[in-house]
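The next block holds one structure in the form of structure tokens; read it before the comments.
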Amino acid sequence: MDARIRTVDGLVTREQLLAAGISRTQIRRRLQNGVLLLAYPAVYWVGHPEHNAQARYRAAVLACGDGAVLSGKAAAHLWRILKGSPPRPDVTTTRDLRIKGIRTRRSRRIDPSDVTTLRGLAITTVARTIVDVAPDLTLDALALVCHEAGVKHKTTPAHVEAVLARRPTSPGAAKLREVMHGDVRVALSKLERGFLALLRAEGLPLPITNKIVSERRVDCRWPERHVTVELDSYRFHNSRYSWEQGYEREREAYARDDAFRRYTWRDVFEDPTRMLGELCGLLA
């Protein structure tokens, strides 16, 4: 390949090739002999395709042309707020496009406030990504996305509300607000689901879960009894930021005169006797 052509993630576009003086006939010849491999119309792998998600998403954005941005579940995956296998490419563009293998969303205008770059790839911001995926996720899955966004990117409900203010007719807006403001009971993890199951089995009152209190999401709270419980799993508390946030929640609980308890996987699944004894006394 011509040294003047700069590839990113092993990709090059027809426009780049033509600008470098490579003719259409030469492009066809290189496709025939395997120097170029077709990724999408007018987008090519050089030598061999890259199989990582970022490269495939970059190819999809290039295929959709100027102004296109990665969005939806694909963006959520790249931001590491949506778990699981990489979803298919999802691209928002101002053009009406249909490209096989790509989910395209047409938007008359993409607000610059909703777009950023991640490793050189145009992508919707974390807050805009949450708004875009909200209609397609269950309440629990959406709550987990919001939680991951807060832990990994410090995204708050205020950031998401700013996007919703620009997109008041977003189809997932009502559900997203219910999750963000704790108006529905959701469980983010197996630890939380196990904790709630124990409470039901003991006949104890259920808490409000994952509701914003003092601008921070609280795992479990009984406001009428002034009790707050944080469930500490290694998965959600294995960074300095999440660890510090846990202690901020503890200080805030005491400031509002709540009794505060922390419970772990061992308390819930291995030896819940002492934990249940404490909760029976606190919630009686």
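Which of the residues that make up segment 1-29 are in a helix (DSSP H, G or I) and either of a type in the set (Ser, Thr, Tyr) or free of Cβ contacts under 8 Å to residues at least 12 places away in the same chain (or both)?
Listed by number, the residues that qualify are Gln16, Leu18, Ala19, Arg24, Thr25, Gln26, Arg28, Arg29.
If only one of Gln16, Gln26, Gln32, Gln54 is open to solvent by 20 Å² or more (accessible area, probe 1.4 Å), farther than 20 Å from Ala127 by Cβ and within 24 Å of the chain's Cα centre (by Cα), which one is it?
Gln54
When you scan segment 94-104, do you find a residue that is surrounded by 21 or more Cβ atoms within 10 Å (Cβ to Cβ), touching a Phe, Trp or Tyr at 6+ places or on another chain (Cβ under 9 Å) and part of a loop (DSSP other than H, G, I, E, B), even just one?
The answer is yes; a qualifying residue exists.
So Pro135 ticks every box in (1) part of a helix (DSSP H, G or I); (2) closer than 17 Å to Arg58 by Cβ; (3) open to solvent by 40 Å² or more (accessible area, probe 1.4 Å) but one. Which box is left unticked?
(2)
What are the residue pairs meeting all of these: first residue in segment 36-63, first residue in contact (Cβ under 8 Å) with a residue 12 or more places away in the chain, second residue among the basic types (Lys, Arg), Cβ atoms under 7 Å, and 6 or more apart or on different chains?
Final answer for the pair search is Leu36/Arg30; Ala42/Arg14; Gln54/Arg119.
Determine whether Leu11 is more than 22 Å from Ile110 (Cα to Cα) and open to solvent by less than 70 Å² (accessible area, probe 1.4 Å).
For Leu11, the condition - more than 22 Å from Ile110 (Cα to Cα) and open to solvent by less than 70 Å² (accessible area, probe 1.4 Å) - is met.
Is it the case that Ile81 is closer than 24 Å to Val151 by Cβ, of a type in the set (A, V, I, L, M, F, W, C) and not in a loop (DSSP other than H, G, I, E, B)?
Taking the combined requirement at face value, the residue does not satisfy it.
Among the residues of segment 82-99, are any over 27 Å from Arg14 (Cβ atoms), in contact with a strand residue (DSSP E or B) (Cβ under 7 Å, 6 or more places away or on another chain) and in contact (Cβ under 8 Å) with a residue 24 or more places away in the chain?
The answer is no, given that none of the residues of segment 82-99 is over 27 Å from Arg14 (Cβ atoms), in contact with a strand residue (DSSP E or B) (Cβ under 7 Å, 6 or more places away or on another chain) and in contact (Cβ under 8 Å) with a residue 24 or more places away in the chain.
State all residues of segment 250-284 that are part of a helix (DSSP H, G or I), over 15 Å from Ser233 (Cα atoms) and open to solvent by 30 Å² or more (accessible area, probe 1.4 Å); if no residue qualifies, say none.
Glu250, Arg251, Glu252, Tyr254, Ala255, Thr273, Arg274, Gly277, Glu278, Cys280, Gly281, Leu282
Any idea which residue in segment 154-173 is farthest from Arg216 (Cα to Cα), counting only those that are part of a helix (DSSP H, G or I) and open to solvent by 60 Å² or more (accessible area, probe 1.4 Å)?
Applying the filter and picking the extreme gives Arg166.
Gly182 - would you say it is in contact with a strand residue (DSSP E or B) (Cβ under 6 Å, 6 or more places away or on another chain) and surrounded by fewer than 21 Cβ atoms within 10 Å (Cβ to Cβ)?
So Gly182 passes the test.
When both residues are 6+ apart or on different chains and their Cβ atoms are under 7 Å apart, which pairs have a first residue that lies in segment 108-128 and is over 15 Å from His77 (Cα atoms), and a second that is of a type outside the set (S, T, N, Q) and in a strand (DSSP E or B)?
Taking only residues 6 or more apart or on different chains, the pairs are Ile110/Val69; Val115/Val69; Val115/Ala122; Thr116/Ile123; Gly120/Val8.
From Leu191, Leu206, Leu176, Leu198, grab the single residue that is under 18 Å from Leu283 (Cβ atoms) and assigned to a helix (DSSP H, G or I).
Unique residue meeting the criteria: Leu198.
Taking segment 170-220 only, how many residues are over 29 Å from Asp114 (Cβ atoms), at pLDDT below 85 and of a type in the set (Lys, Arg)?
Number of matching residues: 1.
The values are calculated or read from the model by the stated rules, or taken from the named source; none is laboratory data. Small disclaimer: the values here were computed from a predicted structure and weren't measured. We place every Cβ from the backbone using ideal geometry, glycine too, and count neighbours over all the protein chains shown. Just the protein is used for accessible areas: all its heavy atoms, side chains included, with ligands, DNA and RNA removed. Shrake-Rupley method; radii C 1.70, N 1.55, O 1.52, S 1.80 Å.
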